[in-house]
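Here is the structure we will look at, set down as structure tokens.
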Amino acid sequence: MKKRKPKISNKKLRGEWAELCFMVRAAEHGLALSKPWGEMRSYDFILGRPRHFVCVQVKSTIAEMGSGYVCTVRGGHHSYPPGSFDFLAAYVVYEDTWYIIPEDKIEGKGSLAFYPKSKAGLYEEYKNAWCLLKKATGSGSTMDIQACAEELPPTFF
């Protein structure tokens, strides 16, 4: 299949588009998500439910490097400090492939290399690893819901 060049050449607009793609894919996987107001946080989304929230930073790349792609994972000119988010969701646009990587696996790095067509890449175990987000947020697990019902007094109506 021929790779299509993105029609969004502006990096900021392409980043916003990648966030929309993430929202769609996360919803397809049954993940509840919220978008924080503004752009001053070190993460783009909050996924989960009470006591099971995780913060996700979304990045995308179209930068080919040999047989792979390089993705910048910095906030401004510096790598993200530890604890800035829980997971990185990196989208390799030309391959329509997501990498869901725990923050501690990329700590201190300014860029990452992805090789979607190879099993030997450093981050290939995280390719399309939506299960990591499901596990971290408790999504897909059964919940025990308990309730009680009372009769309303006749004068209530």
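Here the accessible area of region 37-84 is 56 percent carbon and sulfur, with a 1.4 angstrom probe and all protein chains present. In this structure the amide hydrogen of residue 97, modeled in the peptide plane, comes within under 5 Å of the amide hydrogens of 92, none closer than 5 places in sequence on its chain. Residues whose amide H falls under 5 Å from that of residue 129, counting only those 5 or more places apart or on a different chain, are 100, with hydrogens built in the peptide plane.
A 1.4 Å probe run over region 1-71, with the rest of the protein chains in place, finds 70 Å² accessible per residue. For region 7-86, a simple Cβ point-charge model (Lys and Arg +1, Asp and Glu -1, everything else neutral) yields a dipole of about 100 debye relative to the Cα centre.
The values are calculated or read from the model by the stated rules, or taken from the named source; none is laboratory data. Treat the numbers as computed from the prediction; the structure is a model and nothing was measured. We place every Cβ from the backbone using ideal geometry, glycine too, and count neighbours over all the protein chains shown. Protein only, heavy atoms only, side chains kept; ligands, DNA and RNA dropped before computing areas. Shrake-Rupley method; radii C 1.70, N 1.55, O 1.52, S 1.80 Å.
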